[in-house]
Amino acid sequence: APYNPAKSVGYFEAAPSGKFLLGTDDVGRDVLSRLIYGSRASLTVGIVSVLIYAAIGTTLGLLSGFLGGFWDSVIMRITDVFMSFPYFIVILVAVSLIGPGLWTVTFAIGLLNWPVLCRLVRGEVMKLREVDYVQAAIASGYNTWQIVFKHIFPNTLPIILVNMTFGIATSILTEASLSFLGAGVQPPTSSWGNMMSDAQSVNVLANEYWRWLPPGIMILLAVLSINFIGDGLRRAVEGK
């Protein structure tokens, strides 16, 4: 980045020029520098939150699908409870109560977004536990953890990776939405969402395109790129 994204380095609301390729914002900060640093915040939220919910959803899905019976009922009822609440509203309320910030948003998304993956993994495990090599492992006396994580888990990885890829795109959009509403990443830390939030006045939308168009394009490109990767993984997994 050519400048410090948190410091005023030029005239307020200056148009793009040779010195400031994407202009400056309302307090003279370089938009290009904030756009570059904002990618770090947005992608951090996307990747870390997905790693959190993948760990929770995969573990619960494996245990629910393999153990069945009482444990399956308990885990599925907990999953139903989480899925019964409106996802975005719950995250918005949680972030508002705890306090907005990069890591608050990351953990809120990670801790509330696992039920869908849990159900997918559970369904896959229920099919896999009936195959011959799993039944042979059970007959050979392997304990539950060995069977689940050594024999079943590797065969659920494709569906987990596909879900995680789409989850990164969803998390980036969620972070951008929260930051746009003022409940996400807080200034002076930049993210694509709060850059658009700073540019939401009618005057800026009409006359200062360089303040809202670049972060909007970056969100679009990031989400499209990640979705294309997810679609490619899905096709590879399905053999199409």
Exercise. With all protein chains present, how much of the accessible area of region 118-240 (probe radius 1.4 Å) comes from carbon and sulfur, to the nearest whole percent?
Worked result: 64 percent
Seminar exercise, completed: For TYR142 the rounded accessible area (nearest 10 Å², probe 1.4 Å, non-protein molecules ignored) is 90 Å²
Problem set entry | Average projected area [Cα convex hull, region 32-111], square nanometres | 6.1 nm²
Exercise. By its C-alpha gyration tensor, with a ≥ b ≥ c as the square roots of the eigenvalues, how is region 13-76 shaped: rounded for a/c under 1.5, else prolate for a/b larger than b/c, else oblate?
Worked result: prolate
For this session: Note down the accessible area of ASP26, probe 1.4 Å, to the nearest 10 Å².
Result: 60 Å²
Exercise. If one takes the longest principal axis of the Cα atoms in the chain, at what angle in degrees, from 0 to 90 and to the nearest 10, does the Cα axis of helix 153-180 lie?
Worked result: 30 degrees
Exercise. Taking +1 at the Cβ of each Lys and Arg and -1 at the Cβ of each Asp and Glu, which of LEU97, LEU220, GLY182 sits farthest along the dipole of the chain towards its positive end, judged by Cα position relative to the Cα centre?
Worked result: LEU220
Problem set entry | Under the Karplus curve 6.51 cos²θ - 1.76 cosθ + 1.60, θ = phi - 60°, whole-Hz ³J(HN,Hα) for region 115-124, x wherever Gly or Pro sits | x, 4, 5, 4, 5, 4, 5, 4, x, 5
Exercise. So what J values fall out for region 78-87 if you push phi through Karplus, 6.51 cos²θ - 1.76 cosθ + 1.60 with θ = phi - 60°, rounded to Hz, Gly and Pro as x?
Worked result: 5, 4, 4, 4, 5, 6, 7, 8, x, 3
Exercise. LYS127: which aspartates and glutamates have alpha carbons under 15 Å from its alpha carbon, excluding same-chain residues fewer than 8 sequence positions away?
Worked result: ASP72
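State to the nearest 20 debye the size of the charge dipole of region 74-200 about its Cα centre, where the only charges are +1 on K and R beta carbons and -1 on D and E beta carbons. Don't skip to the answer; put the middle values down first.
Details: 6 positive and 6 negative charges, 63 e Å.
Once rounded to the nearest 20, the dipole reads 300 debye.
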Problem set entry | Cα centroid separation - region 41-100 against region 166-240, whole Å | 22 Å
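What ranking of ARG77, ARG234, ARG129 comes out by heavy-atom accessible area, probe 1.4 Å, highest first?
ARG77, ARG234, ARG129
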Seminar exercise, completed: So ARG77 and LEU161, fully extended at 0.36 nm per residue minus their Cα-Cα distance, gain in nm 27.8 nm
For this session: Using θ = phi - 60° and the Karplus relation 6.51 cos²θ - 1.76 cosθ + 1.60, list the HN-Hα couplings for region 38-54 in order, rounded to whole Hz, with x at every Gly or Pro.
Result: x, 4, 5, 5, 5, 6, 4, 4, x, 6, 5, 5, 5, 4, 5, 6, 5
Problem set entry | Added length on full extension, which subtracts the Cα-Cα distance from 0.36 nm per residue, LEU111 to PHE228 | 39.6 nm
Seminar exercise, completed: So the angle from the long Cα axis of helix 209-238 to the longest Cα principal axis of the chain, reported in degrees to the nearest 10, equals 20 degrees
Exercise. How big is the charge dipole of the chain about its Cα centre, in debye rounded to the nearest 20, if each Lys and Arg gets +1 on its Cβ and each Asp and Glu gets -1 on its Cβ?
Worked result: 340 debye
For this session: Calculate how large, on average over all directions, the projected area of the Cα convex hull of region 158-240 is; give the answer in nm² to one decimal.
Result: 6.2 nm²
Exercise. Translational D (Stokes-Einstein, µm²/s) of region 1-135 at 10 °C and 1.306 mPa s when Rh comes from the Kirkwood sum over C-alpha pairs?
Worked result: 88 µm²/s
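Give the accessible surface of the chain per residue, rounded to a whole number of Å², with probe radius 1.4 Å and ligands, DNA and RNA excluded.
About 50 Å² of surface per residue is accessible.
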Exercise. Could you give the length gained on full extension between ALA236 and GLN146, defined as 0.36 nm per residue of separation minus the Cα-Cα distance, in nm?
Worked result: 29.6 nm
Exercise. So for the pair GLU130, GLN200, with labels modelled 7 Å out along Cα→Cβ, what separation do we get in nm?
Worked result: 5.0 nm
Exercise. Roughly what percent of Cα-Cα pairs across the chain reach past 34 Å?
Worked result: 30 percent
Exercise. Among LEU233, LEU97, what's the order by accessible area (1.4 angstrom probe), most exposed first?
Worked result: LEU97, LEU233
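The values are calculated or read from the model by the stated rules, or taken from the named source; none is laboratory data. On a predicted model such as this, the values are computed, not experimentally measured, just so you know. Neighbour counts run over all protein chains shown; Cβ positions are idealised from the backbone, glycine included. Side chains are part of the model used for accessible areas, which takes the heavy atoms of the whole protein and leaves out ligands, DNA and RNA. Shrake-Rupley method; radii C 1.70, N 1.55, O 1.52, S 1.80 Å.
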